[in-house]
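Let me begin by presenting the structure, written as structure tokens, before commenting on it.
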Amino acid sequence: MSLFGSVQVIQRSFSPGRREKGSWIPGELTDALFKGTVNNSPGKVLELLPEGKRSDDTISVFAPINLNFTPADSKQQRDGDLIIWEGREYEVQIARKCNSHPVKMMHHWELLAIRKKEGER
């Protein structure tokens, strides 16, 4: 995938945790580097987020289609993948595949991620 203005970005994912002999074992953390495009999200895009999640510290990320991304889900009490860009962590809130262009190289992920505050888990 070749996107205009691509930069190195880190995807930090958590594998699902599991129960073993009555004890909870948290999932493992994995980091993957990818090239993508990152922009501050315009106001119109922020309307995609629920009211309490809208923030000026939101980024839009366009990433290669060959990766997988997990968005946060409060109903399932699941954290989303993290995007690390310019030394800051952003949690993926929305992840959708964009396949609107007939040329396969244009298929990509469109992510909406909110910056995590210092010390926030």
Exercise for the section: Examine the stretch 25-48 for a residue that is modelled with pLDDT under 85, touching a strand residue (DSSP E or B) at 6+ places or on another chain (Cβ under 7 Å), of a type in the set (Asp, Glu) and in a loop (DSSP other than H, G, I, E, B), and state whether such a residue exists. Expected result: no
Handout entry: Condition met for Ile65 (crowded, with 18+ Cβ neighbours inside 10 Å and on the phi < 0 side of the Ramachandran plot)
Key = no
Problem - Near pairs, Cβ below 7 angstrom, 6+ apart or cross-chain, from the stretch 1-27 (surrounded by fewer than 12 Cβ atoms within 10 Å (Cβ to Cβ) and aliphatic (A, V, I, L, M)) to any residue that is part of a strand (DSSP E or B) and modelled with pLDDT of 80 or more - result: Ile25/Arg18
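The values are calculated or read from the model by the stated rules, or taken from the named source; none is laboratory data. Since we're looking at a predicted model, the values are computed, not measured. All Cβ positions, even for glycine, are placed from backbone atoms using ideal geometry, and neighbour counts span all protein chains on display.
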